[in-house]
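The values are calculated or read from the model by the stated rules, or taken from the named source; none is laboratory data. Treat the numbers as computed from the prediction; the structure is a model and nothing was measured. Virtual Cβ from ideal backbone geometry, glycine too; neighbours counted across all protein chains shown.
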């Protein structure tokens, strides 16, 4: 094949694709926007159960998605979807949600349980889940104002072993009664 | 050989010119704002309108939709079951207006692809740089006698709203011991698991209120979406109440109806059910064929990357009306396609490459109040066509726990809340 024959094609492609000559990865926004159907626009969930992912750290999102993908962390539908992506794509999604403010929800909680939970929080959770669970530390999820059914599902999975707990957390959780754990979850859910 | 002769120079010039016309045709005259006209305010159209404005608020978006409100078809089976009110499915366009979308309530009667103009019944004309057509479905004539009058006797309830209310009313009015006949359509059609979730929701109502009643499904197909999971759910929750007859066994499903006589017929038998839900075969919404956007199948062929019509340049077709397989004709898919197309349209009107698409679909079916199942998939572009990402997606496992099935119900309701917020703002 002569160079002459190739030239028009090359020139055409160059103009069509601009600077990007190879098939590029979808943009961070393109990837993150696909999550909105279930997790809400910009990751702010309207509930009643699917968690908000707005404000989550990029590192925590990547770690969570990798765990869903491998099956190490139990899920209903998330694992099936996670298997459609690679780590770089998780990073891109995470970069978008990390920039969003933490979602504030308004949920029915029991004031007595919330008060009990506030006490327990200081003694048991604060070191890692700072600012009443609103701080997006690299290795902790957002608990503040998170949807209560989701927090409850998470605790069921932690207790059953279908989701791994950090050693420090397991030590604390094992010592707390079911009532105390529920009080803690309601405390987190009630944060404004 | 390393020089450009006169002949190849002409080819180069021609091809460069062609690219600039095909690729980035609509750079507006100096200072003019880019105009996007969207035909249809359902899931696809409304999502596209919002996401174009999100990506580039300098683009002027006009959405043309005849109705003041949209009723989502998804979750309307819960209205038939009795756990949901129709009003919870009703959405208006104020949210889109707040995002700067110009909403016009009128019916589009023509789209001139060459003149880049959309005309309405109200006598208005809108010129565009890019047009997005999202007309949903219309019904084909595959069932003899299923006219406007017959629709009132045997509701399809496949576009939510008054038809949903009518079918619910008929279920409430029927006597215990009657038969509810459901006639699902042939492929492809809107919401593939819908007829079978509907059987669950109607059975849920009948079991509680009219337990001697039965459901007979006369299918136009020999298999259906989530079949193993639905069959399991029917057995688990509604044992002996639901009978499914394949196309092979019924001679191709329902062939004709007689509204005056109240009868429904297949090739072999005539039925006189207490209630009949007749869901006809489907094609793209009417304006798609009027505008010449459909092929022989009755649906709209599109390019995978941008969902630009393969027939008319400058017009993108999204949602149920498009030939978008392996993406299904679902609400989630329409929402996902709309975002990809919104990004592509914003890129194109700004003279940029549309970029690499990514799509997702998730469909929940609520088979009982504490039991839901789902199917999910991730899609990418391979060789210019939509493809499923290998290893991704799939169904709720047949042996998933009651705890997980109950979680899927709340996740389904969360999905409804989140996707409708995402669509209508």
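Of all the residues that make up the range B:356-373, how many are within 21 Å of residue B:304 (Cβ to Cβ) and touching a helix residue (DSSP H, G or I) at 6+ places or on another chain (Cβ under 6 Å)?
Residues meeting the conditions: 6.
Please go through the range B:62-81 and pick out each residue that is buried (at least 23 other Cβ atoms within 10 Å of the Cβ) and within 15 Å of residue B:49 (Cβ to Cβ).
The answer is B:63, B:64, B:65, B:70.
In the range A:5-42, how many are at pLDDT 95 or above and facing chain B (nearest Cβ under 7 Å)? Working first, answer last.
Filtering the range A:5-42 down to residues at pLDDT 95 or above leaves A:26-42.
Restricting the remaining residues to those that are facing chain B (nearest Cβ under 7 Å) gives A:26-27, A:30-31, A:33-34, A:36-41.
Adding up the residues that qualify gives 12.
Determine if the range A:137-154 includes at least one residue that is assigned to a loop (DSSP other than H, G, I, E, B) and free of Cβ contacts under 8 Å to residues at least 12 places away in the same chain. I'd like the intermediate steps shown before the answer.
Taking the range A:137-154 as the starting set, the residues that turn out to be assigned to a loop (DSSP other than H, G, I, E, B) are A:137-147.
Checking which are free of Cβ contacts under 8 Å to residues at least 12 places away in the same chain leaves us with none.
No, there is no match, as no residue in the range A:137-154 is assigned to a loop (DSSP other than H, G, I, E, B) and free of Cβ contacts under 8 Å to residues at least 12 places away in the same chain.
Tally up the residues in the range A:43-65 that are over 23 Å from residue B:409 (Cβ atoms) and within 14 Å of chain B (Cβ to nearest Cβ), please.
The number of residues fulfilling the criteria is 2.
Here are some conditions: (1) outside any helix (DSSP H, G or I); (2) out of contact with any strand residue (DSSP E or B) (no Cβ under 6 Å at 6 or more places or on another chain); (3) surrounded by fewer than 18 Cβ atoms within 10 Å (Cβ to Cβ). Residue B:169 meets all but one. Which one does it not meet?
(1)
Please work out if residue B:361 is at the interface with chain A (Cβ under 10 Å from one of its Cβ atoms), under 21 Å from residue B:46 (Cα atoms) and part of a strand (DSSP E or B).
Considered against the rule, which asks whether it is at the interface with chain A (Cβ under 10 Å from one of its Cβ atoms), under 21 Å from residue B:46 (Cα atoms) and part of a strand (DSSP E or B), residue B:361 comes out as yes.
Please go through (1) touching a strand residue (DSSP E or B) at 6+ places or on another chain (Cβ under 8 Å); (2) more than 9 Å from chain A (Cβ to nearest Cβ); (3) surrounded by 24 or more Cβ atoms within 10 Å (Cβ to Cβ) for residue B:424 and return the number of the only condition it doesn't satisfy.
Every condition holds for residue B:424 apart from (3).
Within the group B:50, B:54, B:84, which residue is without any contact (Cβ under 8 Å) to a residue 24 or more places away in the chain and surrounded by 16 or more Cβ atoms within 10 Å (Cβ to Cβ)?
On the way: B:50 fails: without any contact (Cβ under 8 Å) to a residue 24 or more places away in the chain; B:54 fails: without any contact (Cβ under 8 Å) to a residue 24 or more places away in the chain.
When all the criteria are applied, what remains is B:84.
What's the number of the condition residue B:179 fails, among (1) buried (at least 20 other Cβ atoms within 10 Å of the Cβ); (2) under 24 Å from residue B:267 (Cβ atoms)?
Condition not satisfied by residue B:179: (1).
Conditions: (1) over 22 Å from residue A:185 (Cα atoms); (2) within 9 Å of another protein chain (Cβ to nearest Cβ); (3) modelled with pLDDT of 95 or more; (4) touching a helix residue (DSSP H, G or I) at 6+ places or on another chain (Cβ under 7 Å). Residue A:84 meets all but one. Number of the miss?
(4)
For the range B:294-320, name all the residues that are assigned to a loop (DSSP other than H, G, I, E, B) and in contact with a helix residue (DSSP H, G or I) (Cβ under 8 Å, 6 or more places away or on another chain).
B:294, B:298, B:299, B:305, B:306, B:307, B:313, B:318
Exactly one condition in (1) surrounded by fewer than 20 Cβ atoms within 10 Å (Cβ to Cβ); (2) within 20 Å of the chain's Cα centre (by Cα); (3) under 20 Å from residue B:200 (Cα atoms) is not met by residue B:415; state its number.
(1)
Scan (1) within 14 Å of chain A (Cβ to nearest Cβ); (2) in contact with a helix residue (DSSP H, G or I) (Cβ under 6 Å, 6 or more places away or on another chain); (3) not in a strand (DSSP E or B) for the single condition residue B:329 breaks and write down its number.
(1) is the only condition that residue B:329 fails.
Any idea which residue in the range B:384-398 is farthest from the other protein chains (Cβ to nearest Cβ), counting only those that are loosely packed, with under 15 Cβ neighbours inside 10 Å, farther than 23 Å from residue A:152 by Cβ and without any contact (Cβ under 8 Å) to a residue 40 or more places away in the chain?
Here the residue is B:390.
For the range B:234-247, how many residues meet the condition of being in contact with a strand residue (DSSP E or B) (Cβ under 8 Å, 6 or more places away or on another chain) and over 17 Å from residue B:180 (Cβ atoms)?
1
Go through the range B:257-290 and give me each residue that's farther than 23 Å from residue B:160 by Cα, in a strand (DSSP E or B) and touching a strand residue (DSSP E or B) at 6+ places or on another chain (Cβ under 7 Å).
B:263, B:265, B:270, B:271
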